1. Using θ = phi - 60° and the Karplus curve 6.51 cos²θ - 1.76 cosθ + 1.60, what whole-Hz ³J(HN,Hα) does each residue of the range 82-90 get, with Gly and Pro shown as x?
2. Report ³J(HN,Hα) in whole Hz for each residue of the range 49-56, in order, from the Karplus equation J = 6.51 cos²θ - 1.76 cosθ + 1.60 where θ = phi - 60°; Gly and Pro get x.
3. Taking θ = phi - 60°, what integer Hz values does the Karplus form 6.51 cos²θ - 1.76 cosθ + 1.60 yield along the range 67-78, in sequence order, with x for Gly and Pro?
4. Please compute the net charge surrounding Ile148, taking Lys and Arg as +1 and Asp and Glu as -1 over other residues with Cβ under 12 Å from its Cβ.
5. Which percent of the Cα-Cα distances in the range 90-164 go past 14 Å?
Amino acid sequence: MFFEGYGYHGTSFEQTYHCYPASFIDKPQLESGDKIIMPPSALDRLASLHIDYPMLFELRNAAAERVSHCGVLEFIAEEGMIYMPYWMMENMLLQEGDTVRVKNVTLPKGTYVKLQPHTKDFLDISNPKAILETTLRNFSCLTTGDSIMVAYNNKKYYIDIIESKPSNAISIIETDCEVDFAPPLDYKEPERLAPSVPTSKAPAPVEEAVPEPKFNPFTGAGRRLDGKPLKNQPPPVSSPTSKNKQVGAANSGPPAVSTSQSTRQPQGKLVFGSTVNHGQKETQKQSSKDTKQEQVPKKEDPKFQAFTGKKYSLKG
């Protein structure tokens, strides 16, 4: 006969009991495993059946539709009662005195199980794998969806069974089972910081475009080496806008007298006529007058004469 994928040999054992936590009996070791204490009549019934060992049972809470699996430790409970670990009662949503259906089953040996601690404190233990291996020696089977309790250093750690292979309920007695861990329930991934933009790649601030000054050749002022002021000052530099205004004013006013572009005329004088030679003569006369005027002040400068000072005696 087969039931829900599990094979039962002969007439199966199935009985309803009132459950109570392990604190009602002097058996504190029940809390560190998944074994229950059943009455002696259950042992008599199981001995008369052809069942597989070790004895494994299915616990069913019909009111809450919760199912789990366990082993048996002893047959010393009162008739009609069983004692079970309190963490198992919490998994099945059972209270003291509630009824639970107990049925013997045969489970396949587990090959893989995935565990998830409730808190990341369990990972802070020096060797959690060794602690878990020692604790699971007190377990007979594991059921997907259950939360087992691991006691270590006067502290209780709860671990969820989130996956098991080859079935959702497996036997872990005398078997090599691969164990994998999922991140704890209270684990939070560290926030990733936004990558900082290097200064070289940062967008440069927008600057207002400033018009560059245009280059105007030969607009500097001349200076004499002897420090004297120039008689003929160069004309002031006019900006392009002022040139445009002057051109507009010249076009609107009376026609100006044309001069020769090839002759350089002195500042403040106008040369009339259309011949170039006449302008050249005027410039030569003007330059000869300038050289004469420059030579006159040079004659007035006293010349330096050495050893021409007066002699004085210290005696007076």
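1. Per residue, the Karplus-derived 3J(HN,Hα) values read 9, 10, 9, x, 5, 5, 6, 5, 5 Hz.
2. 3J(HN,Hα) across the range 49-56, in whole Hz: 9, 8, 10, 8, 10, x, 6, 10.
3. So the Karplus estimates, Gly and Pro as x, are 10, 9, 9, 7, x, 10, 9, 8, 10, 10, 7, 5 Hz.
4. Neighbourhood net charge equals -4.
5. 68 percent
Every number here is computed from the coordinates shown, using simple stated rules; none is lab data. What you are looking at is a predicted structure, and each value in this text was computed from that prediction instead of being measured. We place every Cβ from the backbone using ideal geometry, glycine too, and count neighbours over all the protein chains shown.
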